[in-house]
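All remarks here apply to the structure that follows.
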Amino acid sequence: GDLAVCGTVNDLAMVGAKPLYLTAGFILPEGFPVDGLIAIAEAMARRAEEAEVRIVAGDTKVVEPGSGPFVNTSGVGTVADGVNVSGHGARLGDAVLLTGDVGRHGVAVLSRREGIAFETEIVSDVAPVAGIVSALIEARVELHTLRDPTRGGIAEALNEIAAQSGVEIEIDEDRVPVQPGVRSACELLGLDPFHVANEGCALVFVPENEAGRALD
C-alpha cells in the first residue's frame, strides 16, 4: 500500500510535476483475507493524505489462488510554467544532492523475502518525495535533473543521467549516507549499497551556486 502510492507520486515528482490524482487497480488471489485488503487500503489512504493526492478511481479483479496480491496505480499531475526537469538536463559544474540515506528499501525487502534476520531491524525508506520537490520549485531553485534511485540504486540512476546528459559525474563516496545496519547487511550479503534500491529519496541536480539554498 505504501509503495503503490509513493512509487507513482515520486515518478510524477521526478519530472517536476505536482501529483494530484491516482487510480488504483487491485488484483487479488481468490480467498485473500479481508483484513489484508483493509491493511493495504489503509496504508494507501495514509500515504495519499501525506502526499496530498486523491485516489479518484479504482477496480478490483480476482484471480486464481497462489498469485498476488498486486496493486497497480496511475497518476496525474501538473507541471508549473518554467519547470523543465529531465534526465538530459545535467550540466557541467552541477552539484548533485541526495535527500536521504541509501540502500534501506532493497535490504529490507530482501531480508523479508529470504527470511534473513539482522541484529538491527532494517525498515524501508519508502516515502513520498513530492513535498521536497514542491519546496524547491516554490523557492525558485533552478532544477536541472531529478531522479528517484529505485531499481539499481544510485549507481544505475547516476549512470543513466550521465549517459543521457553527456557528462561525467564524480561521487564523494564518504559523503553518501548509508545506515550502519544497511552497510553491515550489504557486507554480509556481498552487495554494494550504491546498487541497492531506494524508495524514499531523490537525486537533485542544481547549479553549484544554488546547492546551499537547495539544501536549506
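Do we find that ASN72 is among the polar types (S, T, N, Q) and either under 30 Å from ASN209 (Cβ atoms) or free of Cβ contacts under 8 Å to residues at least 24 places away in the same chain (or both) in this structure? Judged against the criteria, ASN72 is not a match. If the condition is being of a type in the set (Asp, Glu) and either open to solvent by less than 30 Å² (accessible area, probe 1.4 Å) or more than 23 Å from GLY36 (Cα to Cα) (or both), then the range 62-110 contributes ASP81, ASP94, ASP101. Checked against (1) open to solvent by 70 Å² or more (accessible area, probe 1.4 Å); (2) assigned to a loop (DSSP other than H, G, I, E, B); (3) of a type outside the set (Asp, Glu), VAL126 passes all but condition (1).
Kindly establish whether VAL176 is touching a Leu at 6+ places or on another chain (Cβ under 7 Å), open to solvent by less than 80 Å² (accessible area, probe 1.4 Å) and modelled with pLDDT of 95 or more.
Here the answer is yes, as VAL176 does meet what is asked.
Considering the range 11-69, and only residues there that are among the acidic types (Asp, Glu) and without any contact (Cβ under 8 Å) to a residue 24 or more places away in the chain, the residue that is farthest from ALA130 (Cα to Cα) turns out to be ASP35. Cβ separations smaller than 6 Å between residues 6+ apart or across chains give the following pairs from the range 172-196 residues that are closer than 14 Å to ILE116 by Cα to residues that are open to solvent by 30 Å² or more (accessible area, probe 1.4 Å) and not in a helix (DSSP H, G or I): GLY181/THR120; ALA185/PHE118.
The values are calculated or read from the model by the stated rules, or taken from the named source; none is laboratory data. Here the structure is a predicted model, which is why all the values come from computation and not from measurement. Cβ: placed from backbone, ideal geometry, glycine included. Neighbour counts: every protein chain shown. With ligands, DNA and RNA removed, areas are computed over all heavy atoms of the protein, side chains included. Shrake-Rupley method; radii C 1.70, N 1.55, O 1.52, S 1.80 Å.
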